[in-house]
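The values are calculated or read from the model by the stated rules, or taken from the named source; none is laboratory data. Everything numeric in this text was worked out from a predicted model, so none of it was measured. Methodologically, a virtual Cβ is constructed for each residue, glycine included, from the backbone with ideal geometry; neighbour enumeration extends over all protein chains shown.
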């Protein structure tokens with residue numbers, strides 16, 4: 001069974017997933033919350049929330065030809081965005097090598113070390129104000145679910161020890177991941193393993209702690225063709241303003257419309273089941289909010305409403 005076949009099988013094997021997620025979910029808050037209104041909960045109780053603007057990593061891909069630099073965030077269309085920036089770095093080379101935006105994986109990327117930086121200022125040094133910084137943000141709940149299914153079910157990197165030793169149990173993972181984030185945000189040296197790079201907050205990347213207001217942020221959605229079309233239009237408008245030609249814009253648009261890769265989990269039975277379980281549980285969602293509170297706030301997503309039993 002190859003990876004694509006295994007992905008299809010595991011994402012529709014409900015017996016395994018339901019078996020590991022039968023634990024009853026408490027109705028009350030783990031943190032003693034006494035109100036269902038948690039819009040400002042981390043402003044009032046900062047010690048129980050994951051901090052904003054911890055410096056985790058910055059992965060910049062640049063196109064000096066068009067004065068544009070993009071920051072990659074895992075599970076925010078990062079593979080396709082990296083390919084787009086490689087194409088814009090050298091369109092002729094990209095096309096002459098018969099590369100595709102949807103097949104340009106991280107391990108075989110054409111532009112390795114050519115347009116890659118770990119610091120915004122290095123990427124755009126000696127530049128003028130015509131440079132544009134681009135990043136995709138993703139709804140925190142949607143991003144968490146996508147990461148959990150991809151990293152903990154579809155392709156766990158550490159076998160049975162993956163995902164906080166929780167196997168497929170989402171409740172176990174959420175609680176342990178919250179505790180792990182709280183610990184790591186205060187560590188002198190963060191662990192930064194492969195799972196961390198996927199689950200840690202979006203606002204910890206991209207030099208957002210000092211550059212957030214300089215970025216053009218496109219909200220990444222991929223639940224249906226209409227939402228994907230909105231993302232493509234927003235990106236097309238931004239690239240057009242950087243004087244990128246129509247032929248290149250058409251190529252990017254055409255390729256992005258094919259961008260539902262094997263990593264896409266949105267249409268699976270597992271996704272439907274776990275999403276319903278998560279968003280219907282105020283107990284679990286409070287952990288999600290406390291982990292990603294500043295992603296909700298900084299990228300303008302509504303804080304979910306909770307309904308605790310008192």
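Points to keep in mind about this one:
- Annotation: of all residues in the stretch 187-202 being out of contact with any strand residue (DSSP E or B) (no Cβ under 9 Å at 6 or more places or on another chain) and assigned to a helix (DSSP H, G or I), the one that is surrounded by the most Cβ atoms within 10 Å (Cβ to Cβ) is 199.
- Filter result (modelled with pLDDT of 95 or more, surrounded by 19 or more Cβ atoms within 10 Å (Cβ to Cβ) and in a loop (DSSP other than H, G, I, E, B)) within the stretch 251-285: 281
- Figure legend. Inter-residue proximity from the stretch 159-187: first residues on the phi < 0 side of the Ramachandran plot and modelled with pLDDT under 95, second residues surrounded by fewer than 19 Cβ atoms within 10 Å (Cβ to Cβ) and assigned to a loop (DSSP other than H, G, I, E, B), beta-carbon distance below 6 Å, spacing 6+ or different chains. Indicated pairs: 162/156.
Results for (1) assigned to a loop (DSSP other than H, G, I, E, B); (2) buried (at least 17 other Cβ atoms within 10 Å of the Cβ), shown as yes or no for each residue.
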position	(1), (2)
39	yes, no
54	yes, yes
83	no, yes
94	no, yes
99	yes, yes
114	yes, no
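- If only residues of the stretch 148-158 that are touching a helix residue (DSSP H, G or I) at 6+ places or on another chain (Cβ under 7 Å) and touching a residue at least 24 places away in the same chain (Cβ under 8 Å) are counted, the one that is surrounded by the fewest Cβ atoms within 10 Å (Cβ to Cβ) is 157.
- Condition met for residue 135 (surrounded by 19 or more Cβ atoms within 10 Å (Cβ to Cβ) and either in a strand (DSSP E or B) or modelled with pLDDT under 95 (or both)): yes
- Residue 228 vs. criteria part of a helix (DSSP H, G or I) and modelled with pLDDT of 95 or more: no
- Top-ranked residue of the stretch 10-56 - restricted to ones that are under 24 Å from the mean Cα position of the chain (by Cα) and over 26 Å from residue 187 (Cβ atoms), ranked as modelled with the lowest pLDDT: 38
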